[in-house]
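Peer 1: Okay, handing you the structure first.
The values are calculated or read from the model by the stated rules, or taken from the named source; none is laboratory data. Nothing here was measured: the structure is a model prediction, and the numbers come from that model. Glycine gets a Cβ as well: all are built from the backbone with ideal geometry, and neighbour counts include every protein chain shown.
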Amino acid sequence: MKKYILSGKVVGIALGLMTVLASCDKTIDEPQRSAYAPASVDEKAGTWKTYILTSSSEIAVADPKAVSSPEYIAELASLKQKSASLTKEQQEAVAYWGSGAVYRWNEIARELSARYNIPPAYNAEGKYPVPDAANPLADPKFPFANPPYASRALAYLSVAQYDALVAAWNYKYKFNRAAPSKTDATITVSLPVSTIPTYPSEDAVVAAASVTILKAMFPGEVPFLEAKMKEHRESRLWAGMNVESDLVAGVDLGNAVAAKVMSRAKTDGMAAANNQALTAGMIEGAKARGLREAWVSQETPLRPPMLPNYGAVLTWNFDKATVVALRAVPPPALDSPDFKKDLEELQNIQKNQTREQARIANYWSDGAGSYTPPGHWHRTAANVSYEAKHSEVRMARTLALLGTAEMDAAIVCWDTKFYYYYPRPQQFKVKTSVGLPNFPSYTSGHSTFSAAAATVLGYIFPDQAETFNKQAQEASTSRIYGLIHYRFDCTEGLKAGTEVGKYAIARGKADGSGL
Amino acid sequence: MKNFIKLLVISAVLVTGEVKAQMPHDAIYMGKGQICVATMYGRSTWTEYWENSLKRSNSNIGTHTTQNVMVMPAIGIAKGLNVILSLPYVWTQTSAGNLLGQKGFQDLSGWLKYRVANTHGFSVHAVVGGSVPVGNYVPDFLPMSIGLQCRTVSGRLIANYKHPQTGIYVNAHGTYSWRSNIKVDRDAYQADDRVYNTREVSVPNAYDAGLRLGVLRKGWQAELWAERTSCTHGDYIRRHDMPFPTNNMQATTVGVYGKFQPKQIGVNARFGYVTDGRNVGQSTNLMVGVLYQFKLWKNQ
């Protein structure tokens, strides 16, 4: 009998434990973003200097109907009906898009970058097929959104958003059509209403411009992007924020601006960035300048290097001669004491990597399957801009300055990498705790991206400049801790990145924003 | 340490009774006051793995090897009630490529095994287990990581029939394991085709089931076994990507087990081979152990 009482107890305890555990949820907490009214409406933003548009009025926007017109009154009535009562899904869409059009589309672009950031697998013949833009969902998927690719996609996205918003701001304050709820106070609004005129809609402008760029950059995601666009557009009606004509004018303007931005993208040299025929001449040149042993892929089968001619892609904030001028000084010779010292540092870390070194290496690795270092800095910029309650146009300016600097950093760094063709530490039997990128070592891409970003963000958010510089320094050092860069790769990368950032600052200071 | 040596000396003097090493999935118990310490070495290797459902090799990994050394004491608390503990030290390496091997103490596990019913050779057993990570190892540098950093709680039921005369037995078990969320070093990662902006990763729960057929005689045991492990859900390794803790890892393994322990010292060995899987390596596993049984305290 005693035995059965005991068994009952044990089973009871076990069942109790299971019940407690079954009810414990596996959901994870992510930062929630809510809507805000901007700290400044930036009413003069229509005069800010655009990147591609010759002026903010280059693309015409039709005069809106008067608020007293029957057409507008009908639009208000329709809006009143659509926004009166929302389903749970509609409320969620309003809240999601309400936290910011630029903010969300930047986030979507980073997510696409992460999803497409996987190097192609080798096939049965031991070859790496090149992703095909005409067949984006085949294996390998197009694009391979590596760091240079992501820096470019995000730069064009941010520039298109910025130019489209500057144009939108020009027309908003030209036509001065107040928010629908200011004309008809009985309209239910679900988001904060500012004094920014709503024709054309900044949300529609951003959505259309973003979708145009992202469809070109991620051609396999057209249905996904169109669904996002549709939800974004409708959320403005559900929120009671825009009438239909605000949205139509915004979509037309966003599409037209983005088409102009895409015409630059089509001729910026990216089509030739993966010209593998150039590498033999690059290696020859580096050897003629004294390189004893050139970089070779450490993968089996040998993988062609990542975008060897990306250094020739068109820059944003300076010219081609500056790319050469910003090229780092020659790296240490492979048998020099400077080289040996920095190789020994890696050999020692490999033997005794501390957990803190591993943590830093992992935190900043942003490798395959991530949104890459440019994506990491876009995220930082978008979050800081959000915290500062930037208007849509000001957040777009921040991201355009940052985004163009990141793409310029990629171009300068890739030019340097393939000019010197310097071998990775793995050619000297060093392993890695983060995965090895497939291109020459000197200089460090992470260091160049991070210093450029910290420089630009320090200018826009001077009170946080020290934090950004520390982060850039840590991102740079993380590549030593991860065992894939010599210290001199990182030091020189930081220097070049800082210079790249300064050119973006010069542009920012001259863009008429007074910021 | 001093006490431990003293314990060893005392136990060597006091040891009596029959010897029988045991595992968390079998129907074997230490008598009250008995302890059996298994010290085992394990080695698991694979050259092919399942990238989602695609079986492939990877010339930048070559052969992947995980080794471990584990101490596993089983303690008789009362008649039909045992505690089993284990703590492995694990290290990984590859024969090709340049991924840095990881090493360290993994997770401390404990099981409470209780014989619920026992009549005419039929027995039913309930096992409650739990594990906590001991080392601060990196959980998401797969396939080099030595563990996933989850805290787990498991519930297991075992049904066993042993023919009293011949010692032939059939044993079936089912387990459900709750696995905690984990924290990774990065503050954003991709899973389920989206980016999570947090350090926290949700690791799916897991279950396993096993079937065993064997002979258990005084001093030796021989067994054929098959096990199926799976997660309740999870994502998959994307084309040419690395594994991640959110993956739905599944494996069917078949193997043999044997033990020879005529007196207080014995040996055991287990061999397993993965026949089918998802998001795991097709591993061949070998484990060998030394068993040492002694009496910790006298029966009242």
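Peer 1: Name the residue that is farthest from A:TYR122 (Cα to Cα), counting only residues in region B:234-263 that are modelled with pLDDT of 95 or more and basic (Lys, Arg).
Peer 2: B:LYS259
Peer 1: Every residue in region B:229-274 that is surrounded by fewer than 17 Cβ atoms within 10 Å (Cβ to Cβ) and away from every other protein chain (no Cβ under 14 Å), please.
Peer 2: Step one: of region B:229-274, the residues surrounded by fewer than 17 Cβ atoms within 10 Å (Cβ to Cβ) are B:232-233, B:239, B:252, B:254, B:256, B:258, B:260, B:262-263, B:265, B:267, B:269, B:271, B:273.
Across region B:229-274, the qualifying residues are B:THR252, B:VAL254, B:VAL256, B:GLY258, B:PHE260, B:PRO262, B:LYS263, B:ILE265, B:VAL267, B:ALA269, B:PHE271, B:TYR273.
Peer 1: Here is a follow-up. How many residues does region B:256-270 hold that are under 15 Å from the mean Cα position of the chain (by Cα) and either at positive phi or aromatic (Phe, Trp, Tyr) (or both)?
Peer 2: The total comes to 1.
Peer 1: Next question, about the same structure. Do we have B:ALA117 as at the interface with chain A (Cβ under 10 Å from one of its Cβ atoms) and over 30 Å from B:TRP220 (Cα atoms) here? I'd like the intermediate steps shown before the answer.
Peer 2: On the way: at the interface with chain A (Cβ under 10 Å from one of its Cβ atoms): yes; over 30 Å from B:TRP220 (Cα atoms): no.
No.
Peer 1: Only one residue in A:ARG479, A:ARG487, A:ARG507 is charged (D, E, K, R) and under 16 Å from A:PRO374 (Cα atoms). Which one?
Peer 2: Numbers: A:ARG487 fails: under 16 Å from A:PRO374 (Cα atoms); A:ARG507 fails: under 16 Å from A:PRO374 (Cα atoms).
A:ARG479 is the lone residue from the list that is charged (D, E, K, R) and under 16 Å from A:PRO374 (Cα atoms).
Peer 1: Would you check if there is a residue in region A:471-486 being without any contact (Cβ under 8 Å) to a residue 60 or more places away in the chain and either surrounded by fewer than 24 Cβ atoms within 10 Å (Cβ to Cβ) or not in a helix (DSSP H, G or I) (or both)? Explain how you work it out, then say what you get.
Peer 2: Looking only at region A:471-486, we keep the residues that are without any contact (Cβ under 8 Å) to a residue 60 or more places away in the chain, and these are A:472-473, A:476.
Right, trim to either surrounded by fewer than 24 Cβ atoms within 10 Å (Cβ to Cβ) or not in a helix (DSSP H, G or I) (or both) and you get A:473.
Yes, that holds for at least one residue.
Peer 1: Every residue in region A:427-441 that is under 23 Å from B:ILE146 (Cα atoms) and within 29 Å of the chain's Cα centre (by Cα), please.
Peer 2: A:THR432, A:SER433, A:VAL434, A:GLY435, A:LEU436
Residue by residue, here is whether (1) surrounded by 18 or more Cβ atoms within 10 Å (Cβ to Cβ); (2) within 25 Å of A:LEU112 (Cβ to Cβ) holds:
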site: A:PRO304; (1), (2): no, yes
site: A:VAL313; (1), (2): yes, yes
site: A:LYS320; (1), (2): no, no
site: A:VAL324; (1), (2): no, no
site: A:ARG327; (1), (2): yes, no
site: A:ALA381; (1), (2): yes, yes
site: A:HIS390; (1), (2): yes, yes
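Peer 1: Can you report the number of residues in region B:51-78 which are of a type in the set (A, V, I, L, M, F, W, C) and within 21 Å of the chain's Cα centre (by Cα)?
Peer 2: Just the residues of region B:51-78 that are of a type in the set (A, V, I, L, M, F, W, C), to begin with: B:54, B:61, B:69-72, B:74-75, B:77-78.
If we keep only those that are within 21 Å of the chain's Cα centre (by Cα) as well, we get B:69-72, B:74-75.
Total meeting the criteria: 6.
Peer 1: While we're looking at this one, here's another question. Of the residues that sit in region A:125-148 and are of a type in the set (Gly, Ala, Ser) and more than 9 Å from chain B (Cβ to nearest Cβ), which one is nearest to A:MET407 (Cα to Cα)? Before you say what the answer is, go through the steps one by one.
Peer 2: The first filter runs over region A:125-148 and keeps only residues of a type in the set (Gly, Ala, Ser), leaving A:126, A:133-134, A:138, A:145.
Remaining after also requiring more than 9 Å from chain B (Cβ to nearest Cβ): A:133-134, A:138, A:145.
On the way: A:ALA133: 21, A:ALA134: 24, A:ALA138: 27, A:ALA145: 13 Å.
Per the stated criteria, the residue is A:ALA145.
Peer 1: Hey, any hits in region A:229-236 for a residue that's assigned by TED's automatic domain parsing to the domain that holds A:TYR122, within 30 Å of A:GLY269 (Cβ to Cβ) and either modelled with pLDDT of 95 or more or of a type outside the set (A, V, I, L, M, F, W, C) (or both)?
Peer 2: Residues of region A:229-236 assigned by TED's automatic domain parsing to the domain that holds A:TYR122: A:229-236.
After this cut, where a residue has to be within 30 Å of A:GLY269 (Cβ to Cβ) as well, the list is A:229.
Add one more test, that the residue is either modelled with pLDDT of 95 or more or of a type outside the set (A, V, I, L, M, F, W, C) (or both), and what stays is A:229.
Checked against the condition, which is being assigned by TED's automatic domain parsing to the domain that holds A:TYR122, within 30 Å of A:GLY269 (Cβ to Cβ) and either modelled with pLDDT of 95 or more or of a type outside the set (A, V, I, L, M, F, W, C) (or both), region A:229-236 yields at least one hit.
Peer 1: While we're looking at this one, here's another question. Counting residues that are within 12 Å of chain A (Cβ to nearest Cβ), among the hydroxyl-bearing types (Ser, Thr, Tyr) and under 21 Å from the mean Cα position of the chain (by Cα), which strands (runs of 3 or more DSSP E) fully inside region B:142-202 reach at least 2? Outline the logic, then answer.
Peer 2: Numbers: elements: B:152-162, B:168-179, B:189-191, B:194-196.
Fully inside region B:142-202 and qualifying: B:152-162, B:168-179.
Peer 1: Next question, about the same structure. Quickly run through region A:381-401 and pick out the residues that are of a type in the set (Lys, Arg) and either in a helix (DSSP H, G or I) or closer than 12 Å to A:TYR503 by Cα (or both). Spell out how you get there, then give the answer.
Peer 2: Taking region A:381-401 as the starting set, the residues that turn out to be of a type in the set (Lys, Arg) are A:389, A:394, A:397.
Selection gives A:ARG394, A:ARG397.
Peer 1: Given A:ALA207, A:ALA286, A:ALA271, which one is part of a helix (DSSP H, G or I), closer than 25 Å to A:ASP132 by Cβ and either of a type in the set (Val, Ile, Thr) or at pLDDT 95 or above (or both)?
Peer 2: Working: A:ALA207 fails: closer than 25 Å to A:ASP132 by Cβ; A:ALA286 fails: closer than 25 Å to A:ASP132 by Cβ.
Selected residue: A:ALA271, the only one of A:ALA207, A:ALA286, A:ALA271 that is part of a helix (DSSP H, G or I), closer than 25 Å to A:ASP132 by Cβ and either of a type in the set (Val, Ile, Thr) or at pLDDT 95 or above (or both).
Peer 1: Just to be sure I understand the filter: pairs with C-beta atoms under 7 Å, separated by 6 or more residues or on different chains, first member in region A:415-439 and under 21 Å from A:GLN276 (Cα atoms), second member of a type in the set (D, E, K, R) and surrounded by 23 or more Cβ atoms within 10 Å (Cβ to Cβ). Which pairs pass?
Peer 2: Listed by first residue and then by second, the contacts come to A:LEU436/A:ARG424; A:PHE439/A:LYS417.
Peer 1: In addition: Answer yes or no: is there a residue in region B:82-100 that is touching a residue at least 60 places away in the same chain (Cβ under 8 Å), within 12 Å of the chain's Cα centre (by Cα) and in a strand (DSSP E or B).
Peer 2: So the first thing to find is which residues in region B:82-100 are touching a residue at least 60 places away in the same chain (Cβ under 8 Å), and the list is B:82, B:84.
In the following step, the residues that additionally are within 12 Å of the chain's Cα centre (by Cα) were identified as B:84.
Among the residues that remain, those that are also in a strand (DSSP E or B) are: B:84.
Yes; the residues of region B:82-100 include at least one that is touching a residue at least 60 places away in the same chain (Cβ under 8 Å), within 12 Å of the chain's Cα centre (by Cα) and in a strand (DSSP E or B).
Peer 1: Does region A:152-161 include one or more residues that are of a type in the set (A, V, I, L, M, F, W, C), at pLDDT 95 or above and outside any helix (DSSP H, G or I)?
Peer 2: Here is the first cut: in region A:152-161, the ones of a type in the set (A, V, I, L, M, F, W, C) are A:153-155, A:157, A:159-160.
Next, from what is left, pick out any that are at pLDDT 95 or above: A:153-155, A:157, A:159-160.
Restricting the remaining residues to those that are outside any helix (DSSP H, G or I) gives none.
Scanning region A:152-161, I find no residue that is of a type in the set (A, V, I, L, M, F, W, C), at pLDDT 95 or above and outside any helix (DSSP H, G or I), so the answer is no.
Peer 1: Follow-up question, since we're still on this one. Suppose we filter region B:203-241 for residues that are within 21 Å of the chain's Cα centre (by Cα), assigned to a strand (DSSP E or B) and under 25 Å from B:LEU54 (Cβ atoms); how many remain?
Peer 2: Residues in region B:203-241 being within 21 Å of the chain's Cα centre (by Cα), assigned to a strand (DSSP E or B) and under 25 Å from B:LEU54 (Cβ atoms): 9 in total.
Peer 1: Hey, another quick one. Which of the residues that make up region A:402-435 are among the β-branched types (Val, Ile, Thr), in contact with a Ser or Thr (Cβ under 6 Å, 6 or more places away or on another chain) and part of a helix (DSSP H, G or I)? Even if it seems obvious, please write down each step before you answer.
Peer 2: Step one: list which residues in region A:402-435 are among the β-branched types (Val, Ile, Thr), which gives A:404, A:411-412, A:416, A:430, A:432, A:434.
From the residues that got through so far, the ones that are in contact with a Ser or Thr (Cβ under 6 Å, 6 or more places away or on another chain) too are A:411, A:416, A:434.
Scanning region A:402-435 gives A:ILE411, A:THR416.
Peer 1: Go through A:SER194, A:SER151, A:SER113, A:SER158 for me and flag whichever is surrounded by fewer than 17 Cβ atoms within 10 Å (Cβ to Cβ), among the polar types (S, T, N, Q) and in the same structural domain as A:LYS260 (by TED's automatic domain parsing). Break it down into steps so the answer makes sense when it comes.
Peer 2: Details: A:SER151 fails: surrounded by fewer than 17 Cβ atoms within 10 Å (Cβ to Cβ); A:SER113 fails: surrounded by fewer than 17 Cβ atoms within 10 Å (Cβ to Cβ); A:SER158 fails: surrounded by fewer than 17 Cβ atoms within 10 Å (Cβ to Cβ).
None of the others qualify; the one that does is A:SER194.
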